[in-house]
Amino acid sequence: MTDRLKERMDNAQEAETDLDRHQMEEAILATLAKVKPGDPFADAYSMAYTSGALTFSRSDLKAVGDALHEDICLQGVPADAVLLRDKLRAAGAKVADAVLKVILDGSKAVDAAVALLYIEKLNRLDKYHALDESGREYLKAIETIKKKGLSPEEAVPQVLNFLTTHAEATKIIRSFPVEADAAEDFLDILNARRADGRELLGLDCGFRHLNEVLNGLPDGVIILAGAPSCGKTTLAKQIADHVAEVEKVPVLFYSFEQSAEELRIKSLARLSSVDSRRIWKGRAGDTEWVEVEKAAEDYRQGPGPYLTVIEAGRKDTVEAIRAAALMTQRKAGGKRVLLVLDYLQIIPAGKDAPDAIREKIDANLSELRRLSRDLKSPVLVISSMNREAYKENKPPTMAALKESGGIEYSADAVICLWRDKDESETLTRDLSMKTDRIEAHVLKNRNGELSKVKLNFTKAWALFSDEGKESLDYDAALGN
């Protein structure tokens, strides 16, 4: 939520919220239908809706809320009466024409600040309703205790225990299991993992030696850093394509710098072995173009159904990314997802972020860790290095990230790409296409070894390939 919208909320008249529940719900939906994709209210609605802070009391309004959220908040398309009716019909939702009309014609729409007050009021009403229910159950419990003949002194512990249990069940307060119960559930999780038969705990990234070191892409925040032009985005896109195609889980690729066209051309070049510059400039010959067409079909059929590329902008804060990721996971039946963010230093800060750049980065990293935990999924984040680190042309250490916030503390894994000039020159002489030797230094690995993974990078084809790996000394990784 922007500061301006927050100020409008503070100035909104409380008297304007004096409507019944259905009227408030209709007003919220009508306001959402009126705004453009990317509007601050659309982001605020998405956050409330995906977190459960906003619920609808009628099935028809919930169906409309689902459809509008998908179109405006996730797909970025304005509300359209014809498309909305088709979507509701396909979902088997029964929504009267009169209800849909007042939502779409704007007659029920209110100022965004007032609509946000409605959302807050509905959330409070839901909690009060839960408290009312707790009160009724409390009175029943008192009567039961009286019938047992307990004294008031004996009854107090039972009443308190009842109130706590009921408040937890109705989600008025959070509950946390004791380790005796949690450990038993955890053993079931471990046993299911054994029965699953997967070789990797994380998602298969497509590179054998990186998979061995990381045990696949693990749940958590994985930082992919490196000097300019060493292939960070290209490697991330190749990983994203592979995960989408092989694991068949949703992959959201947020690009804050490169366009969707540039990213697609990388994939087409890799799949066709045609120079990406010739594809981009429209210079591919007839024979090459046949290969590009085949690659395009492979791209559509392979990663295409599971991969979404988002040309991200200033409104794509971590909060907005969270809303989209949680909805994507819910639509996928709770599967793990892969989030790729390119890149860390230009992800917009949230409304309550500090002013200092380093502190903003730290705040975003903390939120990304929480998001990864909630999704139980990996978040691959591209990051820059400080200039001194790559000017010296020395193997990278964690010191190369000192100006990029608290990466060394917040990340679950850190991979730094480094171009070995001597080996790159040898490769270029031996191969027909210019190829660089890129070393992926795994400088932090919360659940495994530190290692140096050797990759060959053919930039023209936007292609990385596996070569081998070596162990990496802990002190060397820290720069000691």
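The values are calculated or read from the model by the stated rules, or taken from the named source; none is laboratory data. Being a predicted model, the structure only gives us computed values, none of them experimental. Glycine gets a Cβ as well: all are built from the backbone with ideal geometry, and neighbour counts include every protein chain shown.
Please tell me if Glu120 is within 34 Å of the chain's Cα centre (by Cα) and of a type in the set (Asp, Glu).
Taking the combined requirement at face value, the residue satisfies it.
Against the conditions (1) part of a helix (DSSP H, G or I); (2) surrounded by fewer than 18 Cβ atoms within 10 Å (Cβ to Cβ), where does Asp43 fall short? Just the number, please.
Checking Asp43 against (1) part of a helix (DSSP H, G or I); (2) surrounded by fewer than 18 Cβ atoms within 10 Å (Cβ to Cβ), the one that fails is (2).
Kindly indicate whether Asp86 is more than 28 Å from Asp316 (Cα to Cα), touching a Lys or Arg at 6+ places or on another chain (Cβ under 9 Å) and either surrounded by 20 or more Cβ atoms within 10 Å (Cβ to Cβ) or among the acidic types (Asp, Glu) (or both).
Details: more than 28 Å from Asp316 (Cα to Cα): yes; touching a Lys or Arg at 6+ places or on another chain (Cβ under 9 Å): no; either surrounded by 20 or more Cβ atoms within 10 Å (Cβ to Cβ) or among the acidic types (Asp, Glu) (or both): yes.
It is false that Asp86 is more than 28 Å from Asp316 (Cα to Cα), touching a Lys or Arg at 6+ places or on another chain (Cβ under 9 Å) and either surrounded by 20 or more Cβ atoms within 10 Å (Cβ to Cβ) or among the acidic types (Asp, Glu) (or both).
Out of the residues in the stretch 102-126 that are basic (Lys, Arg) and surrounded by 14 or more Cβ atoms within 10 Å (Cβ to Cβ), which is nearest to Ile28 (Cα to Cα)? Lay out the reasoning, then the answer.
The initial filter retains those residues of the stretch 102-126 that are basic (Lys, Arg), namely 108, 121, 124.
Of the ones still in play, those that are also surrounded by 14 or more Cβ atoms within 10 Å (Cβ to Cβ) are 108, 121.
Working: Lys108: 8, Lys121: 12 Å.
Going through the qualifying residues, I end up with Lys108.
Scan Val337, Val290 and give me the residue that is of a type outside the set (D, E, K, R), on the phi < 0 side of the Ramachandran plot and over 23 Å from the mean Cα position of the chain (by Cα).
The match here is Val290.
Picking from Ala53, Ala48, Ala42, Ala27, which residue would you name as being in the same structural domain as Leu116 (by TED's automatic domain parsing), modelled with pLDDT under 90 and in contact with a Lys or Arg (Cβ under 9 Å, 6 or more places away or on another chain)?
After ruling out the rest, the residue left standing is Ala42.
Out of the helices (runs of 4 or more DSSP H) lying entirely within the stretch 178-268, which hold 1 or more residues that are farther than 22 Å from Leu450 by Cα and in contact with a strand residue (DSSP E or B) (Cβ under 8 Å, 6 or more places away or on another chain)?
Values: elements: 179-196, 208-214, 232-242.
Passing ranges, in order: 232-242.
Of the numbered conditions (1) surrounded by 19 or more Cβ atoms within 10 Å (Cβ to Cβ); (2) without any contact (Cβ under 8 Å) to a residue 40 or more places away in the chain; (3) assigned to a loop (DSSP other than H, G, I, E, B), Ala295 fails exactly one; give the number of that condition.
Failing condition for Ala295: (3).
Consider the stretch 210-233. How many of its residues are under 15 Å from Glu467 (Cβ atoms) and either among the small types (Gly, Ala, Ser) or surrounded by fewer than 19 Cβ atoms within 10 Å (Cβ to Cβ) (or both)?
Final tally of qualifying residues: 2.
Counting only residues that are at pLDDT below 80 and either within 30 Å of Ile189 (Cβ to Cβ) or surrounded by 19 or more Cβ atoms within 10 Å (Cβ to Cβ) (or both), how many does the stretch 379-405 have?
Total meeting the criteria: 6.
Select from the stretch 91-104 the residues that are at pLDDT 85 or above and either under 30 Å from the mean Cα position of the chain (by Cα) or not charged (D, E, K, R) (or both) and list them in ascending order.
Within the stretch 91-104, Gly92, Ala93, Val95, Ala96, Ala98, Val99, Leu100, Val102, Ile103, Leu104 meet the criteria.
Among the residues of the stretch 128-149, which ones are in a helix (DSSP H, G or I), of a type in the set (D, E, K, R) and loosely packed, with under 12 Cβ neighbours inside 10 Å?
Asp132, Arg136, Lys140, Glu143, Lys146, Lys147, listed by residue number.
Looking at (1) modelled with pLDDT of 95 or more; (2) under 30 Å from Val318 (Cβ atoms); (3) buried (at least 16 other Cβ atoms within 10 Å of the Cβ), which is the only condition Leu268 fails?
That leaves (2) as the condition not met.
For Arg300, work out the one condition from (1) in contact (Cβ under 8 Å) with a residue 40 or more places away in the chain; (2) of a type outside the set (Phe, Trp, Tyr); (3) surrounded by fewer than 19 Cβ atoms within 10 Å (Cβ to Cβ) it doesn't fulfil.
Arg300 satisfies all of (1) in contact (Cβ under 8 Å) with a residue 40 or more places away in the chain; (2) of a type outside the set (Phe, Trp, Tyr); (3) surrounded by fewer than 19 Cβ atoms within 10 Å (Cβ to Cβ) except (1).
Name the single residue that is modelled with the highest pLDDT among those in the stretch 348-378 being in contact with an Asp or Glu (Cβ under 7 Å, 6 or more places away or on another chain) and part of a loop (DSSP other than H, G, I, E, B).
Ser377
Tell me, which residue of the stretch 406-416 that is buried (at least 23 other Cβ atoms within 10 Å of the Cβ) and outside any helix (DSSP H, G or I) is modelled with the lowest pLDDT? Before you say what the answer is, go through the steps one by one.
We begin by selecting, within the stretch 406-416, every residue buried (at least 23 other Cβ atoms within 10 Å of the Cβ); these are 407, 411, 413-416.
Narrowing further to those that are outside any helix (DSSP H, G or I): 411, 413-416.
Working: Ala411: 90, Ala413: 94, Val414: 94, Ile415: 95, Cys416: 93.
Restricting to residues being buried (at least 23 other Cβ atoms within 10 Å of the Cβ) and outside any helix (DSSP H, G or I), the top hit is Ala411.
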